[in-house]
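First comes the structure, then the notes that go with it.
Only the coordinates and a few stated rules stand behind these numbers; no lab work does. All values derive from a computational prediction rather than experimental measurement.
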Amino acid sequence: MNRMSRPAIDPAIASGGAATRDGQPISYSRAPASDLAPWIARLYVSEVDAPADYQLSCGIFSDAAMLRIQLRGEWTADTADGQRQMGRAALYFGPQTRRMPITVKGSFTSVGLSFRAGACHALGGLKLDTLCDRLAPLEKLGMCDEEWMGLLREGGSPEEWCTAMEEAMRRMIARSGAAPPDPATASVEAAAFTNPEITVARLAQQCGTEQRKLERLIRRDFGIPPKQVLRRARALDMASHLRGVADHEEAEALALRYYDQSHLIREFTALFGMSPRQFVDSPQPLMTLSLETRQARRLELIARIAPGDIKPWQ
């Protein structure tokens, strides 16, 4: 399937700051320092200006557990535990199994990091199957809310904020004395980026472990079974393509992951709550910010771009 059309944008927030060629805002994001690579997948800073009384209705879909520090905006999230409202706050977001509806009023700034698969279990003994599609206080992971809110000096640059978060993570890892996540978990995480069409049996064989043992490990570290991990990865890659934040040269390969158009529509609608056409034709600023950050990491991991390179959608 070729790219359907230019994705719709929200003119109220589409100007200013970094943006795609289509005019969609994108985050400042980068890979972590090498010593933190087993623990952190990505650091990001998203800053978007909008009229004070403007309310944005959108959604996010992250395959990773996230630490999110909301500095501006009045946020509402529809979680597995019901609707949550927040202003300035530092929160732990479990990974999402499907699109999480989000609304935000006014300008917003969100700063945070995504955890590597298995990192939350290694650091705090968390089992992600109890936290999918949920929000939790940072204390759930042994973090101090006040410490993390105080990291971000007012007027600091995105890079200064990312560096401050890295230093806080180093202190946390040192206090915990935790060993890095299981190598098998890292292998599955890599497969979700490089070859999400792989069978679970083949994945277990590559990891050198029994399939049932791998399934238990993945449910603990990803929150869902391995088949769902791979299914979600395929859908997120396709969503990135549809929103114009993917390498267009991969378009045909991404489409061939689905048997036909009806298979794509069925899978996409189940996870995003709308058809691919609706996804393209409706502004998706929050979703695009999330997808773009993930796709930047993916392209670096599969060596299609080098860290810090201009991305294909810029």
ask   = Count the lysine pairs in the stretch 28-301 that are 8 or more places apart or on different chains: how many have C-alpha atoms under 22 angstrom apart?
value = 4
ask   = Under a no-solvent Debye model with one identical scatterer per Cα of the stretch 109-215, what's log10 I(q)/I(0) at q = 0.15 Å⁻¹?
value = -0.80
query = So what is Rg over Rh here for the stretch 63-136, counting just Cα atoms and using Kirkwood for Rh?
reply = 0.97
key: Candidates Ala246, Ala201, Ala89, ranked by Gaussian network fluctuation over the chain, Cα under 10 Å, top entry   = Ala201
query = How high is the relative contact order of the stretch 28-301, in percent, with contacts defined as C-alpha pairs under 8 Å that are six or more residues apart?
reply = 21
request  = Rounded to whole Å and sorted largest first, list the principal axis extents of the Cα atoms in the stretch 1-90.
outcome  = 40, 35, 29
ask   = Gaussian network model of the chain, Cα springs within a sub-10 Å range: biggest mean-square fluctuation belongs to which of Ala303, Ala119, Ala64?
value = Ala303
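Relative contact order (percent) for the stretch 73-188, with alpha-carbon contacts under 8 angstrom and 6 or more residues of separation? Working shown, then result.
On the way: 134 pairs, mean separation 33.7, N = 116.
In percent, rounded to a whole number, it is 29.
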task = Find, to one decimal place in angstroms, the Kirkwood hydrodynamic radius of the chain, where the mean of 1/r is taken over every pair of different Cα atoms and then inverted.
result = 19.7
query = How much mean residue ellipticity at 222 nm does the chain get from its helices, if each DSSP H run of length 4 or more adds -39500 (n - 2.57) and you divide by all residues, to the nearest 500 deg cm²/dmol?
reply = -11500 deg cm²/dmol
message = Mean-square fluctuation check for the chain, GNM, Cα pairs under 10 Å: which of Ser275, Ser262, Ser27 is largest?
response = Ser262
